[in-house]
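To keep things clear, I will list the structure first and then write my remarks on it.
Values in this text are rule-based calculations from the coordinates and carry no lab data. Remember, it's a predicted structure, so these values are computed and weren't measured experimentally. Counting neighbours? That spans all protein chains shown, and the Cβs are built from the backbone with ideal geometry, glycine included.
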Amino acid sequence: MFGWLWFLIIGIIAGWLAGHITRGKGFGLLGDMVMGVIGAFVGGFLFGLVGLSAHGLIGSLIAATVGAVAFIFLLRYLKKFG
């Protein structure tokens, strides 16, 4: 039960951070959660490609934020040409 709660909290924080890093104002609570959760998967994949692993709360937050930033840039790129 607490694992899911921490996953959502990390998702909210990572999505919020990614929104501010990419010069946005965030996506609202639900949008930040979605960006953070997707970012966690993307970040885990990207970290695995370069041979890194994220452990603990801070590592998970960094990986999720990096993934969310990458996902936001991808969405903006696709929107620009779509």
Item to check | Exposure proxy order (Cβ contacts within 10 Å, fewest to most) of Phe71, Phe81, Phe45, Phe27 | outcome: Phe81, Phe45, Phe27, Phe71
Item to check | Alpha-carbon centroid distance for the pair segment 1-18 / segment 46-82, whole angstrom | outcome: 14 Å
Checklist entry - For the chain, what is the relative contact order in percent, using Cα pairs closer than 8 Å and at least 6 residues apart in sequence? => result 34 percent
Checklist outcome for this item: If the chain between Leu52 and Phe81 were fully extended at 0.36 nm per residue, the gain over the current Cα-Cα distance would be 7.3 nm
Checklist entry - For the chain, modelled as a GNM with alpha-carbon contacts under 10 angstrom, which of Gly43, Gly31, Gly15 fluctuates the most? => result Gly31
Checklist outcome for this item: Helix 56-81: inclination vs the chain longest Cα principal axis, degrees, rounded to 10, gives 20 degrees
Checklist entry - Taking N as the number of residues in the chain, what is its Cα Rg relative to 2.2 N^0.38 Å? => result 1.04
